[in-house]
Amino acid sequence: MEKSLKITQTPVLIVGAGPVGLGLALDLAWRGVHCLLIEQGDGSISTPKLGAIGVRTMEFCRRWGIAERVRATPFRKDYGLDMVFCTSIGGHFLARHKYPSLADDAAPPESPEQKWRCPQLWFDPLLKQCVAEKKEVQLRYRVRYDSFAQDGDKVTVQVTNLETGEPETIIADYLVGCDGAGSRVRKSMGIEMQGRRALDHSAAIFFRSKELLTGHDKGEAERYLFFGTDGFWGNISAMDGRELWRLTVVSNEQDVEQVCKDAATWVRRGIGNDSIPFEVISAMPWRRSQLTAPNYRQGRVLLCGDSGHTMSPTGGFGMNTGMGDAVDLGWKLQAMLQGWGGDVLLDSYTAERQPVGVRNTNASAGNYFALKSVQNCSAVNDDSEIGAAVRREVGDVIATATGTEWETLGIHLGYRYENSPVCVPDGTPADEDSPRYYVPTTRPGHRVPHVWLDDGRSTLDLFGHGFVLLRMGGQSLDVSAFQAAAQRSGVPLEVVDIASKEATALYERKLVLVRPDGHSAWRGDAVPVNPDQIFDVVRGAGGCIESRKKEAAHMA
């Protein structure tokens, strides 16, 4: 007798349980939205990739109630996080960028959170544990995505249970591909990535060495970056501040597999001291690219994280960009499933996040080329006056060239959604989109600024589950017409009065309408004469995306 095909139904199916897929599941669960998350692997991390949790991602973790748990992960809090340039850890010193340990650092004035060092070894299992605690999420490992078909009402997805080998069908309202650079979901959509496919081919070598902490004169560092006679060739990054390390070796397509086979030789070269013992745990090749998908949506199927953009890890923007995707998408899926999101809302996901993907992939590539910019390294290892002079020159050049790679508050907090069809522009010009510097503003499309309130909360703690109308400086303005318009459109709206003089000055307008993702949707000094139109725009109701852009601009 033929066995019946297993069929599962879910509002949202997420493919890929890396940090972005787990983050999207957390965001949906926090909103009360049920989802199914599948992953073809078993969840284990053989070679950790990401290491830096950016300040904006830490703000998301704060929202989800897990920031303290991120800070409690095993990376040593008093470990120094300098960036050291050298020929090897045991070799010649070239330059240093000084940075405090996690314990000695603090949140910048612009945020309630500080960036954190939490490599993927710890971050993924923590997110997995947090997801497992949510009744709204079902997480299944060893399930492979195969294909999808969609109509106007649903997505029918074919998967394979890799434990049993049996095919299954999952019917979802929406399918989200969080399945990485080689995304099978994106390939099923027929979407080709655009940009530079191979900046290089590199090897990631994960190894253990307790003695590395004390067996050299370079001091503690988050990263030791190596230069040989041919220039920059790799780096060693601290994974726990104790004994776990990752060596990245820059190679090419022809040689990278051999580099992985010769992992111990390359670790010894990076350490530069034959007396320091170590153990290679794993080695894997990977391709450094600068790619972005031109569209993150096809009907009810969407891309999120590395499935839509892949970038050089120089700067640590990849996962953090993906978490921004997840938070932008989470509230929009909630709105569609609850019935108050309009036809344009999911189109706005590409309109808002794809330019950020391009921006951040370009910034990451710029950081990589800065490392590769040193030309005269031929005598960098020579124990001579000429060698010393070359080292001074290389150190000066590379310190200057990489000065902004780790000073990137603008990248993390300053992205904005220009020409968004679901924001109402007010005609004010944007500030410079600087990778390094962030200027707080409530200009529509920007992240709304952080200010500490008298009750100990941040203004950021006010946002998330629905729209929030901030009424600055007291309750003198009657906003009942705004509230009535929100009710007619079905948009969840809370009015919050802010008496803080600091916030009133920083927020620039008497009224600021904040989206669930914490970005400004509209602002003004008086209740608009057309509040229904405002809510139609911000919820993406009616019309095509181009007509929405024109309407939003007309209302400015």
| request: Once you have the Cα-Cα distance between R96 and I7, take 0.36 nm times their residue separation minus that, and quote the gain in nm to one decimal. | output: 26.3 nm
| Each residue of the stretch 326-343 in turn: what ³J(HN,Hα) in whole Hz from Karplus with 6.51, -1.76, 1.60 and θ = phi - 60°, glycine and Pro shown as x? | 4, 6, 5, 6, x, 6, 6, 5, 4, 4, 5, 6, 8, x, 9, x, x, 4
| note | Once normalised by the length of the stretch 221-285, the mean sequence separation of its alpha carbon contacts under 8 Å that are 6 or more apart gives a contact order in percent of 23 percent
| remark: Relative contact order in percent for the stretch 153-241 (Cα pairs under 8 Å, 6+ apart) equals 13 percent
| said: I need the shape label for the stretch 456-533. Rule: rounded when a/c is under 1.5, else prolate if a/b > b/c, else oblate, with a, b, c from the alpha carbon gyration tensor. | reply: oblate
| task | With a 1.4 Å probe and every protein chain kept in, tell me what percent of the accessible surface of the stretch 158-203 is carbon plus sulfur. | result | 44 percent
| task | Could you point to the label whose value was computed as P(r) over Cα pairs in 20 Å bins from 0, in percent for the structure here, given [x] 21, 52, 25, 3, 0; [y] 21, 56, 22, 1; [z] 19, 48, 29, 3? | result | [x]
| query | Given labels modelled 7 Å from the Cα in the Cβ direction, how far is it in nm from A481 to Q114? | reply | 4.8 nm
| Check H446: other-chain or 5+ apart residues with amide H under 5 Å from its amide H, H built from backbone geometry? | Y417, S520
| task | Along each of the three principal axes of the Cα atoms of the stretch 159-221, give the extent in whole Å, ordering the values from largest to smallest. | result | 58, 36, 21
| remark: Listed by chain and number, the residues whose amide H is under 5 Å from that of R523, excluding neighbours fewer than 5 places away on the same chain and using placed H, are L513
| query | Can you list the HN-Hα couplings for the stretch 478-487, worked out from phi with the Karplus curve (6.51, -1.76, 1.60; θ = phi - 60°), rounded to whole Hz and with x for Gly and Pro? | reply | 7, 10, 4, 5, 5, 5, 5, 5, 4, 5
| Nearest-10 value in Å² for the accessible area of Y417, using the 1.4 Å probe | 10 Å²
| task | Report, by chain and number, residues whose modeled amide H sits under 5 Å from the one on G342, excluding near sequence neighbours (fewer than 5 apart, same chain). | result | G540, A541
| Solvent-accessible area per residue for the chain at a 1.4 Å probe radius, Å²? | 40 Å²
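At a 10 angstrom cut-off on C-beta neighbours, averaged per residue, how do the peptides 345-358, 134-147 rank from highest to lowest?
Packing order, densest peptide first, comes out as 345-358, 134-147.
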| Exactly which trypsin sites (Lys or Arg not before Pro) in the stretch 409-506 are in a DSSP loop and have at most 12 other Cβ atoms within 10 Å? | R457
| field | Hz values of 3J(HN,Hα) by residue in the stretch 274-291 - Karplus curve (6.51, -1.76, 1.60), Gly and Pro given as x | value | 5, 8, 8, x, 7, 10, 6, 9, 7, 8, 9, x, 8, 10, 8, 9, 9, 10
| said: Based on alpha-carbon centroids, what's the gap between the stretch 267-333 and the stretch 397-436 in Å, whole number please? | reply: 20 Å
| task | For the stretch 251-378, give the percent of accessible area contributed by carbon and sulfur heavy atoms, probe 1.4 Å, rounded to a whole number. | result | 46 percent
| note | Taking protein heavy atoms only, a 1.4 Å probe, and rounding to whole percent, the accessible area of the stretch 433-505 owed to carbon and sulfur comes out at 48 percent
| Which value, in debye to the nearest 20, describes the size of the charge dipole of the chain about its Cα centre when Lys and Arg Cβ atoms bear +1, Asp and Glu Cβ atoms bear -1, and nothing else is charged? | 540 debye
| Computed [θ] at 222 nm, deg cm²/dmol, the chain (DSSP H ≥ 4; -39,500 (n - 2.57); rounded to nearest 500) | -9000 deg cm²/dmol
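The values are calculated or read from the model by the stated rules, or taken from the named source; none is laboratory data. All figures in this text were calculated on a predicted structure; none of them were measured in a lab. FYI the Cβ positions are ideal-geometry reconstructions off the backbone, even for glycines, and counts take in every protein chain you see. In case anyone asks, the SASA skips ligands and DNA or RNA and just uses the protein heavy atoms, side chains included. Shrake-Rupley method; radii C 1.70, N 1.55, O 1.52, S 1.80 Å.
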